[in-house]
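Attaching a single structure in structure tokens format; questions to follow.
The values are calculated or read from the model by the stated rules, or taken from the named source; none is laboratory data. If you're wondering where the values come from, they're calculated on a predicted model, not measured in any experiment. Cβ coordinates were reconstructed from backbone atoms using ideal geometry, including for glycine residues, and neighbour counts include every protein chain displayed. For accessibility, only protein heavy atoms count, side chains too; no ligands or nucleic acids. Shrake-Rupley method; radii C 1.70, N 1.55, O 1.52, S 1.80 Å.
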Amino acid sequence: MLLTYKTTKFNVADCPSIAHAVDMRAKMRPRDVAVERLSELGDAWWPVTAPELSDDLHVIARGYIGMGLQPGDTIGIMGATSYAWTILDLGAQAAQLVLVPIYDTDSYEQIQWIVRDSQCKLIVCDTSAQARLLKPLLTENDCLQHILSLDDSGLEYIQQAGQDIPESQLMLRMEAVNQDDLCSIVYTSGTTGIPKGVELTHKNFVLPVSSIHGPWKPLINLPSSRILLFLPVAHVLARIINYTMICGHGRVGHVPSIANLMTDISSFKPTAILVVPRVLEKIYNAADAKSGRGLKHRIFVWAAHVGQRWALANETKEGPTLWQNFTLRIARALVLNKITRLLGGQLKNFTCGGAPLAPRIALFFEGLGISVTQGYGATETGGPLTMSFLDSNKHDTVGKPLPGNEVRIGDNDEIQARGISVMRGYYNDPEATAEAFTKDGWYRTGDQGSIDDQGRLSVTGRLKEIIVTAGGKNVTPSLLEERLKGHPLVSQVVVVGDGKPFVSGLVTIDREMLPLWLKNHNLPVMDVTRAIKETVVLDALSKALKRTNSAVSRAESIRKIKVLTTEFTEENGLMTPSLKVKRHEVAKRYATAIDELYNGDHPSHVTPAP
């Protein structure tokens, strides 16, 4: 029996949809645990086998049919990452429906547009409060028939609707699914203008998942593989990683947010975690701050540098020297192993995407013995267009194209792509679709980059975000922002200066790190408003600014920064659900603060918000 289990195989690429692949896993590997669900009463995790997952998605699919939903109808899901989200999604695929993810941080106006544009027939929310907020949509849209909430028996309502639907009726739907059929309309996060609906077919999910399974088998496609997923599955990157796990050999755990991330990591004990750069920055900054001051902090800094230098040498043909290997063992024994234990003790990999990652952060975790592999993509590329694989990983690249994808560098160093991941087009928007592609059919990403002699892609900036100062100097803000965020006190940075005489920046303070930083510097407890007026705090930020500017020319350096009292968050509309700053929205909201940075001819300094 064990031999049969080990040798039983199926190819995800041959399946019409992810839902079909889950069914195939259930039949071929009936003993596999596909998901672990977090208990509501504690930190226990309950296993869900592949057959149980398959049964659950079939129940939901029959429920959709029982509700009268027809092939090609669109439904929306508005909620945090969860097992319920997963089966609602898979059930929609099985019933030939088109899923429209909705972020729970979207404004009413954004949701109103999404529902009207996509002609949603059903919306399932997490909470009854969300359902009440969206209730006016029922009268505004003739197409919308139901708004359900999970906390008010929404899942049970769908299940009961399918009680009289025979499995044979569902099978007719599933047999009609084709990889070229539309699977999902994913609306862009709307950092500027009206969100556009990205059309993704079943092929855009099935083939990339199959491409990931092969090279990544040692990390995510073994029975021992465990991935903890906390990023919103409404975001296409988290969604495709979710699919990758439930169609493979490993298991996935879902948590709704990063609110209890360290506790969740400790209890789930993942072997890999999907993250965005800000999560790794916060873990590093927390470790830095908790090391205190004096000798303990100097030992931490020494150990971090030892690990970073070892990781850098490990990427060369020669590899680390004997001395580097020896000092790394000491650094791990004294400091670094304590951090790995806090991360569950089994963590082997961080898969990072969504925004640029500072090299020093990647090298730090590599020094801990946790590989950091980066990916690159967009909603329009169905998530990962490129990924770093273990045999060719390099900290300052985002890897090679997934098998089936191609990448080239076009005019103005623009990254362009085609292949299995690239969208079909924008929903109901042929003009935007035409603008998104070159005449010979390559998708224009809007990002700038380069490709090395090993075929690995590096992202150097974004065309629309390049700052051109009044003196004609082109400045890439991401480099400066990444370096300045290296200070434990700094949460977010937005560099400005387009058309201005010099480059400046808006900085927010990390409220979680502030109390510990103040304690380490023998300062009393105080809130952000008071802290940013303290000389010690401003001096620390000034030193961080000088270290940041040491990496660039004077013309590119940040001359002045204004420290704000409010962080950029999803809740206040200044960050996307994937934790990217909405640069244009920040510039609009803080226009007065930016103008103040350029009032008069002042020397370089740090300015607190009034």
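State, as an integer percentage, the relative contact order of segment 260-398 based on alpha-carbon contacts under 8 Å between residues 6 or more apart. Before the final figure, lay out each step's value.
On the way: 187 pairs, mean separation 40.3, N = 139.
Answer for segment 260-398 is 29 percent.
Sticking with this one: Taking the structure as given and computing Cα Rg over 2.2 N^0.38 Å, which label from (1) 1.12; (2) 0.98; (3) 0.94 fits?
The listed entry that was calculated here is (2).
Relative to the longest principal axis of the C-alpha atoms of the chain, give the angle of the C-alpha long axis of helix 535-549, reported between 0 and 90° and rounded to the nearest 10°.
80 degrees
Would you mind pulling out the separation of the Cα centroids of segment 544-582 and segment 216-292, in Å?
When both Cα centres are located, 26 Å separates them.
Tell me the Kirkwood hydrodynamic radius of segment 477-610 in angstroms, computed as one over the mean inverse distance between distinct C-alpha pairs. It would help to have the intermediate numbers written out before the result.
Numbers: mean 1/r = 0.0662 Å⁻¹.
When all Cα pairs of segment 477-610 are included, the Kirkwood radius is 15.1 Å.
Just to check I understand the Karplus step: with θ = phi - 60° and J = 6.51 cos²θ - 1.76 cosθ + 1.60, what whole-Hz values come out for segment 376-389, glycine and proline as x?
9, x, 8, 3, 5, 10, x, x, x, 8, 10, 8, 7, 10
How far apart, in nanometres, would the label points at residue 571 and residue 391 be if each is projected 7 angstrom from Cα along the Cα-to-Cβ direction?
Those two pseudo-labels are separated by 4.8 nm.
While we're looking at this one, here's another question. Once each part is reduced to its C-alpha centroid, what is the distance from segment 38-61 to segment 334-349 in angstrom?
Cα centres, segment 38-61 to segment 334-349: 29 Å.
In addition: Using the Kirkwood formula over every pair of different C-alpha atoms, what hydrodynamic radius in Å results for segment 56-107? Intermediate values should be presented prior to the final figure.
Values: mean 1/r = 0.0900 Å⁻¹.
Computed over segment 56-107, the radius equals 11.1 Å.
Which value in deg cm²/dmol, rounded to the nearest 500, describes the helix-derived mean residue ellipticity at 222 nm for the chain, given -39,500 (n - 2.57) per DSSP H run of n ≥ 4 and division by the residue count? Working shown, then result.
On the way: 25 runs with 237 residues, N = 610.
About -11000 deg cm²/dmol.
Is the shape of segment 148-250 rounded, prolate or oblate, going by the alpha carbon gyration tensor and its root eigenvalues a ≥ b ≥ c, with a/c under 1.5 for rounded and a/b larger than b/c for prolate?
Numbers: a/c = 1.45, a/b = 1.17, b/c = 1.24.
In terms of gyration-tensor shape, rounded.
How large is the translational diffusion coefficient of segment 550-592 in µm² per second when you combine the Kirkwood radius over alpha carbon pairs with Stokes-Einstein at 25 °C and 0.890 mPa s?
Values: Rh = 12.2 Å.
The estimated diffusion coefficient comes to 201 µm²/s.
Rounded, prolate or oblate, given the Cα gyration tensor of segment 380-500, with a/c below 1.5 counting as rounded? Please list the in-between numbers first.
Details: a/c = 1.94, a/b = 1.27, b/c = 1.52.
Judged from the Cα gyration tensor, segment 380-500 comes out oblate (a/c at least 1.5, b/c at or above a/b).
Would you list which lysines come within 21 Å of residue 27, measuring only between C-alpha atoms, while excluding same-chain residues fewer than 8 positions from it?
6, 9, 217
Here is a follow-up. Between residue 323 and residue 176, what is the label-to-label distance in nm when each label sits 7 Å out along the Cα-to-Cβ direction?
Each label point is offset 7 Å from its Cα along the Cβ direction, giving 7.2 nm.
From the Cα gyration tensor of segment 17-70, with a ≥ b ≥ c the square roots of its eigenvalues, which class applies: rounded if a/c is under 1.5, or else prolate if a/b is larger than b/c, or else oblate? Mind showing how you got there, number by number?
Working: a/c = 3.34, a/b = 1.37, b/c = 2.44.
The shape class here is oblate.
Just need the relative contact order of the chain here, percent rounded to a whole number, with Cα pairs under 8 Å and 6+ apart.
Numbers: 1210 pairs, mean separation 65.9, N = 610.
Computed over the chain, the figure is 11 percent.
At 0.36 nm per residue, minus the direct Cα-Cα distance, what do residue 194 and residue 598 gain on full extension? Give it in nm, one decimal, please.
Values: separation 404, 0.36 × 404 = 145.44 nm, distance 3.11 nm.
Gain on extension, residue 194 to residue 598, equals 142.3 nm.
Given a 1.4 angstrom probe, I'd like the percentage of the accessible area of segment 1-107 that is carbon and sulfur, rounded to a whole number.
Working: 2270 of 4120 Å².
Carbon and sulfur together cover 55 percent of it.
With a cut-off of 8 Å between alpha carbons and a minimum separation of six or more residues, what is the relative contact order of segment 1-149 in percent? The partial results should precede the final answer.
Values: 219 pairs, mean separation 26.7, N = 149.
Across segment 1-149, relative contact order equals 18 percent.
Now, a different point. Leaving out ligands and nucleic acids, note down the accessible area per residue over the chain with a 1.4 angstrom probe, in whole Å². Walk me through the intermediate numbers first.
Details: 25900 Å² over 610 residues.
That works out to 42 Å² for each residue.
If you don't mind, another one. How about residue 582: which lysines have a C-alpha closer than 25 Å to its C-alpha, ignoring those fewer than 8 places off in the same chain?
196, 282, 464, 473, 485, 500, 560, 562
Quote the convex hull volume per residue of segment 1-141, based on C-alpha atoms, as a whole number of Å³.
On the way: hull volume 18.8 nm³, N = 141.
So the per-residue hull volume is 133 Å³.
Right, something else. For residue 317, go through the lysines and keep the ones whose alpha-carbon is under 17 Å away, minus same-chain ones fewer than eight residues off.
Qualifying lysines at Cα under 17 Å: 394.
Heavy atoms only, probe 1.4 Å: what % of the accessible area of segment 203-360 goes to carbon and sulfur, would you let me know?
Working: 3790 of 6240 Å².
Solvent-exposed carbon and sulfur of segment 203-360 make up 61 percent of the total.
Then there's this: Work out how much length residue 263 to residue 305 would gain on full extension: take 0.36 nm times their residue separation and subtract the Cα-Cα distance, in nm to one decimal.
Values: separation 42, 0.36 × 42 = 15.12 nm, distance 2.75 nm.
Full extension from residue 263 to residue 305 adds 12.4 nm.
Leaving out ligands, DNA and RNA, what percent of the accessible area of segment 486-610 is carbon and sulfur, probe 1.4 Å? Show your work: numbers first, answer last.
Values: 2920 of 5760 Å².
So the carbon and sulfur contribution to the accessible surface is 51 percent.
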